[in-house]
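Read the structure below first, then the notes.
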Amino acid sequence: MDRISALGAGTGTAIHTLSDYRHHLKRNMIQALDTIQANQITTLLFVVSKLDPIQKTLGTDYVLPLWAIDPTASNPIRVSIYRRSVESMPDVRGPGDIVYFEGAKTGLKDG
């Protein structure tokens, strides 16, 4: 099992309940996955539960399809990250990675 060490000065918050988690997200202006709406600019924080390879779209962009989970989501939510080049994709390596986006534009799609 990997371990994370916090080095240097800093502060942390212990989050023990779903209510504490929601409060932490709200205080830090982070959107919970179960409250995302279409056409928002928001901040997201989630854990990757599944990751597919980067694919070329039918247009000029690339897409990184993955499934996200946080304590508010009862099931993983499909997330598609679009970029103009493969090099500009976030460095998501696999399940368990924590992803943080500021200024993410949301769009919702069934299926």
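The values are calculated or read from the model by the stated rules, or taken from the named source; none is laboratory data. Because the structure is predicted, anything quoted here is derived from the model rather than measured. Cβ: placed from backbone, ideal geometry, glycine included. Neighbour counts: every protein chain shown. Only protein heavy atoms, including side chains, enter the accessible area calculation; ligands, DNA and RNA are left aside. Shrake-Rupley method; radii C 1.70, N 1.55, O 1.52, S 1.80 Å.
Here is a yes/no grid of residues against (1) surrounded by 13 or more Cβ atoms within 10 Å (Cβ to Cβ); (2) modelled with pLDDT under 90:
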{"position": "11", "(1), (2)": "no, yes"}
{"position": "28", "(1), (2)": "no, yes"}
{"position": "39", "(1), (2)": "no, yes"}
{"position": "47", "(1), (2)": "yes, yes"}
{"position": "57", "(1), (2)": "no, no"}
{"position": "63", "(1), (2)": "yes, no"}
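The condition (being in contact with a Phe, Trp or Tyr (Cβ under 8 Å, 6 or more places away or on another chain), of a type in the set (Ser, Thr, Tyr), surrounded by 13 or more Cβ atoms within 10 Å (Cβ to Cβ) and modelled with pLDDT under 90) is satisfied by just one residue among 106, 72: 72. In segment 86-102, of all residues being under 25 Å from residue 39 (Cβ atoms) and more than 12 Å from the chain's Cα centre (by Cα), the one that is surrounded by the most Cβ atoms within 10 Å (Cβ to Cβ) corresponds to 89. Considering segment 75-85, the residues that are touching a residue at least 24 places away in the same chain (Cβ under 8 Å) and of a type outside the set (Phe, Trp, Tyr) include one that is most open to solvent (accessible area, probe 1.4 Å), namely 84. Being open to solvent by 40 Å² or more (accessible area, probe 1.4 Å) and either modelled with pLDDT of 85 or more or not in a loop (DSSP other than H, G, I, E, B) (or both) is a property that residue 2 lacks.
This table checks each residue for (1) part of a strand (DSSP E or B); (2) under 21 Å from residue 29 (Cα atoms); (3) of a type outside the set (Ser, Thr, Tyr).
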site: 44; (1), (2), (3): yes, yes, yes
site: 53; (1), (2), (3): no, no, yes
site: 64; (1), (2), (3): yes, no, yes
site: 72; (1), (2), (3): no, yes, no
site: 75; (1), (2), (3): no, no, yes
site: 79; (1), (2), (3): yes, yes, yes
site: 91; (1), (2), (3): no, no, yes
site: 95; (1), (2), (3): no, no, yes
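Applying the selection to segment 65-87, what residues are over 29 Å from residue 20 (Cα atoms) and among the basic types (Lys, Arg)? Listed by number, the residues that qualify are 83, 84.
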